[in-house]
Amino acid sequence: MEAIRKAAVIGAGVMGAGIAAQFANAGVPVLLLDIVPAGTANRNVLAESAISNMLKTDPAAFMSARAARSVTAGNVEDTLAQIADCDWIIEAVTERLDVKQALYRRIDTLRRPGSAVSSNTSTIPLHMLTRGLSGGFARDFLITHFFNPPRYMRLLEIVTGINTDPQLAQSVVSNVLSLFMESSAGDSRTDIDSAQRFLQTEIDRLETQLREAERKKS
């Protein structure tokens, strides 16, 4: 994965919708997907409502109404196959391991190999998220924990696993810095070099901790 040309966010709650809005602010087309509520005529109602709400938030999630048009609403029953065109797929669903893993299995059959898949979780360890999933999925998977609201909280926690492709993780870092950090509040630039060094240091530190933990288990 090099440049992010299209993204997907699965889970249209406050956090997922905010992440989708920040992709849109950066000029990246993004799918925003959620479940189909029982008994509803509009199968995209959750994602559509999230976009509508994001246009009304204060402080504003979108930099402009034009940016909001870069978000396409959908659902995980009818629209999930469109993730095949996405370079980065972010899961922001409920904090239940069984729900996340069931979704990952579906994602793995539809996504393009080499596309980044990440979870916004802040509570479930990465090795539990990828347990039982394919080696290819584990290589392309990491945790990217955004803070709310994503446009204004210029902070991202990145966690890689022992199987995560280091080049893919570095590509995610580079894209985050070039896309999000320069389109957060619409004012000053972030010191890209310093921020990138900080994030890479954190990735290296976490990888070392994970390897040491795995060594102790074996």
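Between ARG215 and VAL36, the contour length at 0.36 nm per residue exceeds the alpha carbon distance by 60.1 nm. If you take the Cα centroid of segment 84-107 and the Cα centroid of segment 127-174, the two points sit 12 Å apart.
Here's the list of lysines a cross-link from LYS100 could span, going by alpha-carbon distance under 26 Å and ignoring same-chain residues fewer than 8 apart: LYS6, LYS217. The label point for GLN167 and the one for SER122, both projected 7 Å from the Cα toward the Cβ, are 3.4 nm apart.
Summing Lys and Arg as +1 and Asp and Glu as -1 over all other residues whose Cβ lies under 12 Å from the Cβ of TRP88 gives a net charge of -1.
Where a number appears in this text, it was derived from the coordinates with a stated rule and is not lab data. Just so it is clear, the structure is predicted and the values come from calculations on it, not from any experiment. Cβ atoms come from the backbone with ideal geometry, glycine included; neighbour counts cover every protein chain shown.
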